[in-house]
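As C-alpha cells, the structure follows; a few thoughts come after it.
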Amino acid sequence: MFPRKLFIISSLLLLPLSSALSSGANLPSSTVPALDLSASVVRIEVTMQEPDYHSPWNAGRLEGGVGSGFVISGKRILTNAHVVSNARFITLTREGVSHPFIAHVKFIAHDCDLAILRVDDDSFFTGTHILEIGGIPKIESAVSVYGYPLGGERLSVTRGIVSRIDFETYTHSGVDSHLCIQIDAAINPGNSGGPVLQDNKVVGVAFQGYSGDVAQNVGFMIPTPVINRFLKDISKGTYTGYTDLSIQYRPLISPSSRAALGLTQPDVGVLVTNVHEMGASFGFLKNEDILLTIDGHPITSDGRVILDGSSVEMPEVVERKFAGEKVSFDLLREGKPMRIEFALTGTWPFHMQSHAYDVKPRYLLHGGLVFQPLDQNFMEASGGNDLRLRRTIGEFVNRHLYLERPEEVVLSRVLADPVNKECDGLRTGLVDSINGKTIRSLDDVKAAFSAPATYDVVTLIGNGVPIVLNRSEVLQAMPRILENYRIPSPENLQP
C-alpha cells in the first residue's frame, strides 16, 4: 500500500540524487533529438504555500521551488502536479527570453502527478516547437532527459537507457500506482516535469527517483499511456481521475494451492482476498473468486497480462478505462466457471491514505480541544509517532474500519486554558464518542457540541478516563482562547 523509498524530484527537496552522467552518457549521438528544445522546454518557478496541519488555522508557510515543463499542442505546458501543487504564483522562463511569463494551473491530476499550465501572454509561444507524444520505449533503448535541474538557468540534458517497465507507487499521492518506466539517466531536483525524448518524440515525463543512499543513477518517468489518458480525460473540460477495482488479490503460484482450488490450467489465475464495499467491484466480485481473464486477456498466476505486446500488472487494463466503461472477468466461483461484467465507477475511495493538496486543513476547536480528521497530511505533520494512529491509518482499508467510522477523528492538541486545566483524562488520541454519541466524522463532532448539554463528555479509544468540560464555561472561554492563540475562526469544516 505504501511506497518504497521513492522521492519526487523537485528543487524544493534537495535530494541526495547522483548528478553524474549515467553509464548511458556515451550513447550514440543519434539518440539526441535534432529539435531546438531550448525553445520548447521551460523553466518553472513556483511560490507555494504549504498548509499547516499542526496549527490548521494558520495560513501555512511560503516556499519556493523550481521545475521543468514543455510545450504541447493547444498552447499548453505539460508538467508534474507536484511542481505546481499548493501554488500561489507561477512564472515560466525560456532560454533566450529575458523576462518571465505568468502562468496558471488549468488542470491538475494528483493521482498521476501531471498538470497543464496556461500562459496569459500568447507571445510566450512565439518560436516554440510543439513536442509530439510518442509511444513506449523498448527495454535497453536510449532516451534523453531534458530540464532545469538543481536550479540551473540553462537547459540540461542527460542520457541513459530504459531498464524497467513496471507498476510503481507515484510518490506525489503516496497511494496511487500506475505504469512507470525506470531509466538510468541522471535525474536531479528540478528535472521534474521535463520531457524524456526518443527519436524527437516525448516518451515520458521525468518525475521521481530514489535517494542516493538507496540507489545510484535510478530515475523514473511517467510513460505515454498515463500521459495520453490524462490528456483524454481533460479534453472534456474537467479532470475526473482514474477508476479503480478496489479489490485485493494474491498470486496462485503454488501447485498445491492451485490443485486444492481445482485449477487445471497452468500459470493462470489469481485469488480475490478482499472486495471493498465502497469500490466498483462490490456486488460483482467476491472473496475467494479466482480471476482467470480480464477483458479477454489471460491473467497469469502472478497477476500479469499481456497488453500491447508487453507483460504488465492486471490493473493496467482498468487504468486505461474511464468511469462508465465496463470491465469483464472470466472467473471460477466455488469451482463453477462464470463471466462477470460491470461498469467502472469512481476512483480509489479511501482518500485519507493519500497526500492532499490545494485544500485547507479541516478542524474544530471546542474549549481548547482541537479536533481534526486522521489523514496522511496530519500524520506527517504530527511526526507519525503515535502507534495507535499509525495502525488505524494502515489498517483502515484492510480491516474495513471505514464501515464503522468513514472518517476517523483525532483530538490533536489541547490549547491550555483555565477551562480545561483540571480535566481528568486530558490527552490526545482517537475520538470514540462525545456525549454518548459515536463519532464517525468531524461533522459528528460539530453536531455533538451543538446539541443542548450541561457537560461535554469526550471519550478516546484506549483511554478509560473521559474528558469532561462544563458547556457554559466553554462558551465563555471561547472568545478568550481565540484571542490568546490568535485563531481567526473556531472551525473549518469544509474541504
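What follows draws every value from the coordinates through simple rules; no lab data is involved. This structure is a prediction, so every number in the text was calculated from the model and none was measured. Note: ideal-geometry Cβ built from the backbone for every residue, glycine included; neighbour counts use all protein chains shown.
Laid out as a table, the results:
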read-out	value
Dipole magnitude of the chain, debye to nearest 20 (Cβ charges: Lys/Arg +1, Asp/Glu -1, about Cα centre)	100 debye
For segment 247-343, the spread of Cα positions along each principal axis, largest first, Å	38, 32, 19
Straight-distance crosslink candidates among lysines, where the alpha carbon sits under 19 Å from Lys336 and sequence neighbours closer than 8 are dropped	Lys286
For segment 247-343, with +1 on Lys and Arg beta carbons and -1 on Asp and Glu, the positive-most of Val305, Met278, Thr264 along the dipole	Thr264
Straight-distance crosslink candidates among lysines, where the alpha carbon sits under 28 Å from Lys138 and sequence neighbours closer than 8 are dropped	Lys5, Lys201, Lys232, Lys321
Total charge dipole magnitude, segment 247-343, about the Cα centre, Cβ charges on Lys, Arg, Asp, Glu only, Debye to nearest 20	220 debye
Hull shadow area, averaged, segment 362-492 [alpha-carbon convex hull, nm²]	7.8 nm²
In segment 194-289, the trypsin sites (Lys or Arg not before Pro) that fall in loop regions by DSSP, at most 14 other Cβ within 10 Å	Lys236
21 Å Cα-Cα reach of Lys360 towards lysines, excluding residues that sit fewer than 8 places from it in its own chain	Lys106, Lys446
Distance between modelled label sites at Lys437 and Ala323, nm, 7 Å Cα→Cβ extension	3.0 nm
Exposure proxy ranking, count of Cβ atoms within 10 Å, fewest first, for Arg333, Arg440	Arg333, Arg440
Alpha-carbon Debye profile of the chain, log10 I(q)/I(0) at 0.06, 0.07, 0.11 Å⁻¹	-0.34, -0.46, -1.01
By average C-beta atoms within 10 angstrom, highest first, the peptides 308-316, 174-182, 106-114	106-114, 174-182, 308-316
Interatomic Cα distance distribution for segment 314-438, bins of 10 angstrom, percent	10, 29, 28, 16, 11, 5, 1
Relative packing of 319-326, 353-360, 120-127, which averages over residues the other C-beta atoms within 10 Å, highest first	353-360, 319-326, 120-127
